[in-house]
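A.B. asks: Before I ask anything, here is the structure I am working with.
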Amino acid sequence: DNDAEITAEEMARVCRRVASSASGVGGFEVKGSLAYLSRQGEHADDDLSYNYFDFVAELLGRERHEVKLFQYDISGGRAWWSAPLLLGQQMDGLWHTGIVVYDKEYWYGGKLFESTPGMTPFGVPVKEIVLGHTVVTQDELWDFLVTELAREFTVETYDVLTHNCNCFTDEVTQFLLAQHIPDEVRLQPEKVMDSMAARAFRPVLNRWLGGFNVDGMDKARATDKQAAEELWSCVDAGSLVTFSRMDGGRPVAAEVLYKEDGICELRYWEPNVCGDIGGQLVEGRGIPKTQIKPLHRRTKRSKPRRAVNVVPDQDVAHPKLLDSAPGSCSVFGFNLFGLQVCSGYL
């Protein structure tokens, strides 16, 4: 029907054709097709559709996980009558939210928490909204929280109006699904920010909502800002790292050329587009530490140097492509689900 998607029934038909036409053990597409067919009964009643990336994910054995938004009314049901008086706005609730996926709930309360769904200090959720399905794995999400968001979402940076739990769930939803949480939640602080009541209660709410720990929560874990900073401290010239050009973007392997304060300059391999063999070395400046993940490996570089021929303050969205003579480097790069893997010498 020209909508660039196929139904679950059409997906099963394709997988059966792939599985039946293969001989012997087959490649990843055969194994992925058989795995999908074995799981098909789990989603028999779901109104699922698959775009091209979902299709490839299934063939590579990436399972789709349902993503939900749990909404908790921290006013205890009082918002519907008290909000017009105190905040000048009609509201169904004062929302704290968590993202539920992989049978775990992820939320921000000073630290970033992973806990049993519905077993947070906020009681029973008032609403449970299905946001979609993701092929991101649980390990990949936790890695994103530890290496990127843990530095941004801390006890010190919590603010009930400008940097709260809903800001966190929106970031996670963009990472998992490339979409925002509902505007009812995401834009709620903007509606009340100028009210006297919001300014008066702000310090109290910051201390309460931004000061949780894992004590008393069964099977829970939290991110550690200090651990994230220790990872950054081990990065210097010659370190091999992965980084993302933007929050939630695909990770790219790179060599660190220079580091200062909370940023660094990198050199990395950029394969040609459209799958053509070859590529170019790229250098970029201004990459923040929140986008860096150490690989705990090094090149032979011992002395730092600045990225060359790069316009000052240029970010990695517009890097300098470097001409490299044949034999000057030996790098092999390939893409696998957005993960750009490089091996060899930079």
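A.B. asks: Would you say Gly27 is open to solvent by less than 40 Å² (accessible area, probe 1.4 Å) and at pLDDT 80 or above?
C.D. replies: Numbers: open to solvent by less than 40 Å² (accessible area, probe 1.4 Å): yes; at pLDDT 80 or above: no.
So Gly27 fails the test.
A.B. asks: Which numbered condition in (1) open to solvent by 20 Å² or more (accessible area, probe 1.4 Å); (2) within 30 Å of Gly61 (Cβ to Cβ) is the only one that Phe168 fails?
C.D. replies: (1)
A.B. asks: Looking at region 2-24 only, could you name the residues that are open to solvent by 40 Å² or more (accessible area, probe 1.4 Å) and either at pLDDT 85 or above or not small (Gly, Ala, Ser) (or both)?
C.D. replies: Matches in region 2-24: Asn2, Asp3, Glu5, Ile6, Thr7, Glu9, Glu10, Arg13, Arg16, Arg17.
A.B. asks: Here's another thing I want to ask about it. Tell me the residue from Ala227, Ala222 that is at pLDDT 70 or above and surrounded by 15 or more Cβ atoms within 10 Å (Cβ to Cβ), please.
C.D. replies: Details: Ala227 fails: surrounded by 15 or more Cβ atoms within 10 Å (Cβ to Cβ).
Unique residue meeting the criteria: Ala222.
A.B. asks: Going residue by residue through region 171-193, is there one that turns out to be over 17 Å from the mean Cα position of the chain (by Cα), at pLDDT below 70 and not in a helix (DSSP H, G or I)?
C.D. replies: Applying the first criterion (over 17 Å from the mean Cα position of the chain (by Cα)) to region 171-193 yields 182-193.
Adding the requirement that they be at pLDDT below 70 leaves 191-193.
With not in a helix (DSSP H, G or I) added as a condition, the list becomes 193.
Taking every residue of region 171-193 in turn, at least one turns out to be over 17 Å from the mean Cα position of the chain (by Cα), at pLDDT below 70 and not in a helix (DSSP H, G or I).
A.B. asks: Which of the residues belonging to region 270-288 are open to solvent by 50 Å² or more (accessible area, probe 1.4 Å), modelled with pLDDT of 65 or more and outside any strand (DSSP E or B)?
C.D. replies: Of everything in region 270-288, just one residue is open to solvent by 50 Å² or more (accessible area, probe 1.4 Å), modelled with pLDDT of 65 or more and outside any strand (DSSP E or B), namely Asn272.
The values are calculated or read from the model by the stated rules, or taken from the named source; none is laboratory data. Note that this is a predicted model, so its numbers are computed, not measured. Quick reminder, even Gly has a Cβ in these numbers, built from the backbone with ideal geometry, and neighbours come from all protein chains shown. Just so you know, the surface numbers come from the protein's heavy atoms only, side chains and all, with ligands and any DNA or RNA stripped out. Shrake-Rupley method; radii C 1.70, N 1.55, O 1.52, S 1.80 Å.
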